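Notes for the one structure printed next.
The values are calculated or read from the model by the stated rules, or taken from the named source; none is laboratory data. As the structure is a computational prediction, the values presented were derived from the model and not from experiment. Methodologically, a virtual Cβ is constructed for each residue, glycine included, from the backbone with ideal geometry; neighbour enumeration extends over all protein chains shown.
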Amino acid sequence: MSRRRRDVLETHDTSYAAHFPSALSFMHGFANQQQSALYRAKFIRLPIHGNVKPHIDRGGYYGKTERYHLVVSSPEGSELCSGSERVRMFEDELWWFNNKAVHSATNGGRAPRIHLVFDLGPMPESLNTPALAARFEADLSEIQRHAERREAMIVQDAVTLYLSGRESPELWHETVKNEAGALVGAVNLAAGRLGVNKAFVRAAISALEFVEQHALERHEVAQFVLDSGGVAVVAKLWRAQ
C-alpha cells in the first residue's frame, strides 16, 4: 500500500544535493549539535509581494520532525507567522519554526526572499550507536544462550545414545566393543553436522559417571552441564575424577 508523502519519514539525497556542499555541511553539522538527523531540505524563493497562505503541515512526517529556517537572502527581512506569533527574519539568521501550528509567510520587500528550509528528526536506528549497541549485545547474549543450550544437549543426547547402545549392543555393531569408541560415536551422532572436539567427549564421560552413580537422570544432563558452567567446565571434571 502506498503512503502519502506527508507520512513518509525515510529520506535520501537527490541528484541536486551534490551542488550544495556548503549547505549540506552546515545542516549536517547543526543536526549533530542537536543530536538529530537531517531529513528534508529545500531552498524556497518567495517572489516580491508573494505570500504563503495560512496552513498546517499535517502527517506522520511532520509529527516526528522539527522545522528550521535559515535566511539566505532577504534585504528587508522576511515576515512569518506561526500561531499567535509574528516575526521578521533577517539574513544569516537561523530560526526554529513551528509548522505544526497555523502558519503563513509574506514578502513585502523589494526583492525576492530565499530561505533554506530544512527538517531535523530522530536518528535512524542504523545510525543510533547506543541503540544499535544495546540491540547487538542483547542479540549476542541470546545467541550465546542458544549455543550453550545446544552444546549441553549434545552431551545429554550422547549419554542417552551411549546408554541405549550399551543396552542393545547389536545397534552399535563393532563400535560398542570399545566403550571409549562407542562414546565418541555417540557424541558424533548427537552432534550431527556440528563440529565437536575432545571436550564434548570428556564432558560426556563425566556426565555418564554421574548418571551411573544415580546422581543424575539422563534427561537432567543438559541442565547439569548448563548449571556447571558449560561443556568446557564439565570436561575438566573428567580429569579431576
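Which members of segment 96-114 meet the condition of being assigned to a strand (DSSP E or B) and surrounded by fewer than 15 Cβ atoms within 10 Å (Cβ to Cβ)? If the condition is that a residue be assigned to a strand (DSSP E or B) and surrounded by fewer than 15 Cβ atoms within 10 Å (Cβ to Cβ), then TRP96, SER104 are the ones that fit. Inspect all residues belonging to segment 52-62 and state whether any of them is in contact with an Asp or Glu (Cβ under 8 Å, 6 or more places away or on another chain), without any contact (Cβ under 8 Å) to a residue 60 or more places away in the chain and either exposed (fewer than 12 other Cβ atoms within 10 Å of the Cβ) or outside the structural domain of MET123 (by TED's automatic domain parsing) (or both). Within segment 52-62, not a single residue is in contact with an Asp or Glu (Cβ under 8 Å, 6 or more places away or on another chain), without any contact (Cβ under 8 Å) to a residue 60 or more places away in the chain and either exposed (fewer than 12 other Cβ atoms within 10 Å of the Cβ) or outside the structural domain of MET123 (by TED's automatic domain parsing) (or both). Scanning segment 9-31 for residues that are over 19 Å from VAL71 (Cα atoms) and surrounded by 12 or more Cβ atoms within 10 Å (Cβ to Cβ) turns up LEU9, THR11.
Take the conditions over 22 Å from THR11 (Cβ atoms) and in a strand (DSSP E or B) and apply them to VAL87. Does it pass? Here the answer is yes, as VAL87 does meet what is asked. When segment 60-77 is filtered for residues that are under 28 Å from VAL8 (Cβ atoms) and either out of contact with any His (no Cβ under 7 Å at 6 or more places or on another chain) or among the hydrophobic types (A, V, I, L, M, F, W, C) (or both), the ones remaining, listed by number, are GLY60, TYR61, TYR62, GLY63, LYS64, THR65, GLU66, ARG67, TYR68, LEU70, VAL71, VAL72.
With the requirement that a residue be surrounded by fewer than 14 Cβ atoms within 10 Å (Cβ to Cβ) and at negative phi, what does segment 224-235 give you? Across segment 224-235, the qualifying residue is only ASP227. Within segment 52-84, restricting attention to residues that are touching a Phe, Trp or Tyr at 6+ places or on another chain (Cβ under 8 Å), assigned to a loop (DSSP other than H, G, I, E, B) and polar (S, T, N, Q), which residue is nearest to GLY121 (Cα to Cα)? Among them, the one singled out is THR65. Got at least one residue in segment 28-47 being more than 16 Å from LEU120 (Cβ to Cβ), at pLDDT 95 or above and among the basic types (Lys, Arg)? Among the residues of segment 28-47, at least one is more than 16 Å from LEU120 (Cβ to Cβ), at pLDDT 95 or above and among the basic types (Lys, Arg), which makes the answer yes.
Quick one: is ARG86 in the same structural domain as ILE44 (by TED's automatic domain parsing), within 34 Å of the chain's Cα centre (by Cα) and among the charged types (D, E, K, R)? In short, no.
Scanning segment 34-51 for residues that are free of Cβ contacts under 8 Å to residues at least 60 places away in the same chain and assigned to a strand (DSSP E or B) turns up just one, ASN51. Count of segment 55-98 residues, restricted to those that are closer than 15 Å to TYR39 by Cβ and either among the charged types (D, E, K, R) or modelled with pLDDT under 95 (or both), is 10.
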